[in-house]
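Asks: I'd like to ask some things about the structure below.
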Amino acid sequence: MTSYALDDDEVAVIIGSGPGGATLALQLAQAGHRVVMLEAGPLIDNDEFVNDERIAFDQLTWKDPRRATGSWDLARDFPDSPAWMGKVVGGTATFWTGLTPRFKNHEFRARSTYGDLEGASLADWPIDPADLVDYYARAEKAMGTSHRHGRPPLPANNNYKVLANGAERIGYRHYATGPYATNRDPYDGRPGTLQDGFCQQGDKSRAKWSPLVSEIPKALKTGNMELRTSSRAVQITVGRDGRADGVVYADDGGALHRQRARVVAVAGNAIETPRLLLMSATARHPSGLANSSDQVGRNYMRHTTGVVYAEFERPVHMYRGEPMAGIVNDESRHDADRGFVGGYYIEMIAQGLPSFTTFMTPGGWGREFTSKVEAYTRTAGMWICGEDMPRSENRVTLSTDLVDDLGLPAPEVHCDDHPNDVAMRAHAYAQGDALFRAVGAVRTTTAPPMPSGHNLGTARMSRDPGAGVVNEFGQTHDVPNLFVSDGSVFTTSAAANPTLTIMALVLRQAEHIIDRARTGSI
Amino acid sequence: MPTEDLSFAAHPDLFTPADQADLVALARALFPHDRLGDGPYERVVNTIIDAAANDPSLLHILCDGLSALRGTATERPANVPSDQLASMLTAPESAVFFQALRRSVAWHLYDDHEVWEFIGYPGASFNAGGYLHRGFDDLDWLPTPRIEENDAPLPDIGPLSVNRPSLDQVRSAS
């Protein structure tokens, strides 16, 4: 096993082992650079995953204290749990669902396309979409996503049959079982899916892509990476020259260590990444590291979401098979005539009974509720995933009273829905209702957003150092050898599920870092 | 198993058999499944009592809520019809008790394997080989749809090019 000394100041320290951190680690390690990866959670092998929603939640989830405030439903329904993210090697992707649409070109130019929307901090990305095409392709191949590069489509499961037929009957034409990052047939040393459900509890079979089954073992195999688990970063340190020179982290017992570094990349997800930058404030960076723009933590986005469940007279058994291998694209376009800007995807969703009863009607009880529970095996589901408007005041801040086990300030996530989000959600609920009723639904239930798996925007990418935290390569404007390598960099959210774009951006970032290291400018 | 017997196992110093019987009745009133036996409701109440035995604020809420409810009723909750009990529980003065009980009962009841069986949810499938050969696609009341992407272009911006039925037309047709 490779290991590096704490005082080795030639290593790249990567904080977080999710899709962003792991993709960067593999690229750097393959290029011959030394990598120390700090992961707050443990290493849990696929064999140790448990196909039980409650047990798996406890096993994989980041459960440190958090608080949700604002007018969004989550502040009412799940105030201690605004987001659902992983604390485990592989990050949130150990329990992701797996849809991988690309951004549309105009979604990189949200401000120019949608105009100046009151109450939204829309901006254009500093990236030309054409610059990402090759990286998108590489990310799709890395995941083996279906429908792309010769990978076959997943077959239709029961829940998809309902969704696709309903879509067809209300005039939608752009539905399919993917792109979906799970193998139908063996690929990249991993098997085809058993259609066993439960990918949101960790996929035991390894058919679903995650860093745990791909980038992490590949990076370790190069001999150029040390993976330190149960190592929670608490501060990025900066030297006299203004460069990041190390990362302080806490081990399992709470003891602190400091790893020196030549380069630091933060990939802690859009809540922990800004929290770490804010906690790393110093006399020279009084409002937080890399925060001269005052944008760290702002513009928090989580996609405009919601669920529509539909009850039928005949069986569906939605829990059988791949939970999200189904997508309808027709509403993903931008068509202001619908009463909102941006678009949304309609995505298939299946849940086990514990999650279904938790999220179907938060706070629900009584006879109507239990009659819906008793219809579980005759129920189909769809999830809305739409573009969320960035707002400057939707932000992650450090709590002034809530602390974690180390006594460090917990993150508070404030979010108020923009009227555009409300209009989009209402449209999607109506379409979902019509879609399911067109194939015979006898009752539909609309559910509010669940704790967010998509967390974006809190270290905004911008060309202007005054308007954002990082440049087009995810390099912070203030600290030249400090990078952000996760969805925090998203200038706007687009409608697409974010993992593919995170990976494409990081593949591009990795080339930039390797290039700069070669010329000695990092 | 009779409710009154079970309760002796679970902290009789904190909750009397009558307390437990009342909590079981309340759990059923909150989440009524008429064809489901008392067993799952009793297990749920035992789990909640176990939790309350290590959680002074929950213990306080439960004991306080029970006595408030008894104070307003002429009958013990266990003897009040389920639907009537539910409306007593939602009285404003029961808000804290109601919320605590609702949350805990929902959480544990739908994690009970007898309830899973009652609803028809089988849980884990991995050791049985998933559903690849066990009906992941056995829905037969709808045609098998296309799984490939549609090659026709979808506009990035603007209305759909196909002539779609209005939602009202769809609704009246179905």
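The values are calculated or read from the model by the stated rules, or taken from the named source; none is laboratory data. Quick caveat, the model's predicted, so the values are computed rather than measured. Please note: Cβ atoms are built from the backbone with ideal geometry, for glycine as well, and neighbour counts cover all protein chains shown. We work out accessible area using only protein heavy atoms, side chains counted, and drop any ligands, DNA or RNA first. Shrake-Rupley method; radii C 1.70, N 1.55, O 1.52, S 1.80 Å.
Asks: Once you sort the root eigenvalues of the Cα gyration tensor of region A:377-464 as a ≥ b ≥ c, which label holds: rounded (a/c under 1.5), prolate (a/b larger than b/c) or oblate (the other case)?
Replies: Prolate.
Asks: I would also like to ask the following. How large is the convex hull of the C-alpha atoms of region A:61-110 per residue, in Å³?
Replies: 134
Asks: Would you mind giving the average projected area, over all directions, of the Cα convex hull of region B:77-166 in nm² with one decimal?
Replies: With every direction weighted equally, the projected area is 13.8 nm².
Asks: Do you know the relative contact order of chain B, to the nearest whole percent, from alpha carbon pairs under 8 angstrom that are 6+ apart?
Replies: Rounded, it is 20 percent for chain B.
Asks: Can you tell which of B:LEU62, B:LEU154, B:LEU36 shows the greatest fluctuation in a Gaussian network model of chain B with Cα springs below 10 Å?
Replies: Largest GNM mean-square fluctuation: B:LEU154.
Asks: Which FRET efficiency, nearest 0.05, do A:ARG518 and B:THR144 yield, Cβ-Cβ r, R0 60 Å?
Replies: The formula returns an efficiency of 0.65 here.
Asks: Right, next: Rounded to the nearest percent, how much of the accessible area of chain A (1.4 Å probe, protein heavy atoms only) is carbon and sulfur?
Replies: Of the solvent-accessible surface of chain A, carbon and sulfur hold 48 percent.
Asks: Any idea what the alpha-carbon Rg over 2.2 N^0.38 Å comes to for region A:124-266?
Replies: Its radius of gyration relative to the 2.2 N^0.38 Å reference: 1.46.
Asks: Measure of size requested: the Rg and Dmax of region A:13-88, with Cα atoms as the atom set and Å as the unit; please supply both.
Replies: When restricted to the Cα atoms of region A:13-88, Rg and Dmax are 16.0, 49 Å.
Asks: In debye, nearest 20: dipole of the protein assembly as shown around its Cα centre with unit charges on the Cβ of K, R (+) and D, E (-)?
Replies: 1540
Asks: GNM, chain B, Cα, under 10 Å: largest mean-square fluctuation among B:GLU149, B:GLU117, B:GLU93?
Replies: So, out of B:GLU149, B:GLU117, B:GLU93, the one fluctuating most is B:GLU149.
Asks: Using amide H atoms built in the peptide plane, which far-off residues or other-chain residues are under 5 Å from A:ASP335 H to H?
Replies: The answer is A:GLY342, B:GLY158.
Asks: So, in Å, what gap is there between the alpha-carbon centers of region A:310-381 and region A:28-105?
Replies: Computed from Cα coordinates, the inter-centre distance equals 22 Å.
Asks: Positive end of the charge dipole of chain A (Lys, Arg +1 and Asp, Glu -1 on Cβ, about the Cα centre): tell me which of A:ALA495, A:THR273, A:SER392 has its Cα farthest that way.
Replies: Farthest along the dipole direction, towards plus: A:ALA495.
Asks: Put +1 on the Cβ of every Lys and Arg and -1 on every Asp and Glu Cβ in the protein assembly as shown; which of A:GLN30, B:GLY71, A:GLN235 then has its Cα farthest towards the positive end of the dipole?
Replies: Farthest along the dipole direction, towards plus: A:GLN30.
Asks: Just to verify a number: FRET efficiency for B:SER67 and A:ASP134, C-beta to C-beta distance, R0 = 56 Å, to 0.05?
Replies: Here the calculated transfer efficiency is 0.20.
Asks: Let me know the Rg and Dmax you get for region B:72-121 when you use only its Cα atoms, in Å.
Replies: According to the Cα coordinates of region B:72-121, Rg and Dmax are 13.6, 40 Å.
Asks: Still on this structure, please answer the following. Would you mind computing Rg(Cα) / (2.2 N^0.38 Å) for region A:228-313, counting N as its residues?
Replies: 1.49
Asks: Also: Based on the alpha carbon coordinates of region A:255-406, what radius of gyration and maximum Cα-Cα distance (Dmax) apply, in Å?
Replies: Cα only, region A:255-406: 21.6, 66 Å (Rg, Dmax).
Asks: Between A:ASP251 and A:ASP294, what length comes free when the chain is fully extended (0.36 nm per residue of separation minus the Cα-Cα distance, one decimal in nm)?
Replies: 12.4 nm
Asks: Moving on to the next point. Quick one: plug the Kirkwood hydrodynamic radius of the protein assembly as shown (C-alpha pairs) into Stokes-Einstein at 37 °C, 0.692 mPa s, and report D in µm²/s.
Replies: Rounded, D is 125 µm²/s.
Asks: Would you tally the net charge around A:PRO286, using a Cβ to Cβ cut-off of less than 15 Å, leaving A:PRO286 out, and scoring K and R as +1, D and E as -1?
Replies: Local charge sum for A:PRO286: -1.
Asks: Let me ask another. Pop the C-beta distance of B:ASP50 and A:ASP80 into the FRET formula with R0 = 22 Å and round what comes out to the nearest 0.05.
Replies: For R0 = 22 Å, the calculated efficiency reads 0.50.
Asks: Output the Kirkwood hydrodynamic radius of chain B, Cα pairs only, in Å rounded to one decimal.
Replies: 20.2
Asks: Alpha carbon centre of region A:201-269 versus region B:19-44: separation in Å?
Replies: Cα centres, region A:201-269 to region B:19-44: 48 Å.
Asks: Please tell me the relative contact order of chain A in percent, rounded to the nearest whole number, where contacts are Cα pairs under 8 Å and at least six residues apart.
Replies: 24
Asks: Now for a separate question. Rounded to whole Å and ordered largest first, report the semi-axes of the equivalent ellipsoid of region A:420-463 derived from its Cα gyration tensor (root of 5λ).
Replies: Whole-Å semi-axes of the equivalent ellipsoid: 32, 12, 9.
Asks: So with the 1.4 Å probe, I'd like the accessible area per residue for chain B, rounded to whole Å².
Replies: Spelled out: the 1.4 Å probe surface of chain B, per residue, equals 52 Å².
Asks: Here's a follow-up. For every other residue with a beta carbon closer than 11 angstrom to the beta carbon of A:ARG320, add +1 if it is Lys or Arg and -1 if Asp or Glu, then tell me the sum.
Replies: Result for the local shell: -3.
Asks: I would also like to ask the following. Using the Kirkwood radius over C-alpha pairs as Rh, can you work out the diffusion coefficient of region A:86-139 via Stokes-Einstein at 4 °C, viscosity 1.567 mPa s, in µm² per second?
Replies: Answer, rounded: 94 µm²/s.
Asks: How large, in Å, is region A:235-282 by the Kirkwood hydrodynamic radius built from its alpha-carbon pairs?
Replies: 11.4 Å is the Kirkwood radius here.
Asks: Right, next: If you take the accessible area of B alone plus A alone and subtract the pair, what total do you get in square angstrom, rounded to 100, with a 1.4 Å probe?
Replies: Approximately 6000 Å² gets buried when B meets A.
Asks: Which listed residue (A:PRO480, A:ALA447, A:LEU408) has the Cα farthest towards the positive end of the charge dipole for region A:388-522, taking +1 on Lys and Arg C-beta and -1 on Asp and Glu C-beta about the Cα centre?
Replies: A:ALA447
Asks: If the only charges are +1 at each Lys and Arg Cβ and -1 at each Asp and Glu Cβ, what is the size of the charge dipole of region B:1-145 around the Cα centre, to the nearest 20 debye?
Replies: 240
Asks: So how strong a dipole does region A:1-55 carry about its Cα centre when Lys and Arg Cβ are +1 and Asp and Glu Cβ are -1, to the nearest 20 debye?
Replies: 200
Asks: Please report the orientation-averaged projected area of region A:415-522, defined via the convex hull of its C-alpha atoms, in nm².
Replies: 9.0
Asks: Still on this structure: Quick one: if you take sqrt(5λ) for each eigenvalue of the C-alpha gyration tensor of region A:98-186, what semi-axes come out, biggest first, whole angstrom?
Replies: Taking √(5λ) for each Cα gyration eigenvalue gives 30, 21, 9 Å.
Asks: How high is the relative contact order of region A:207-282, in percent, with contacts defined as C-alpha pairs under 8 Å that are six or more residues apart?
Replies: 23
Asks: A further question on this structure: With every protein chain present, what is the per residue accessible area of chain A (1.4 Å probe, Å²)?
Replies: 30
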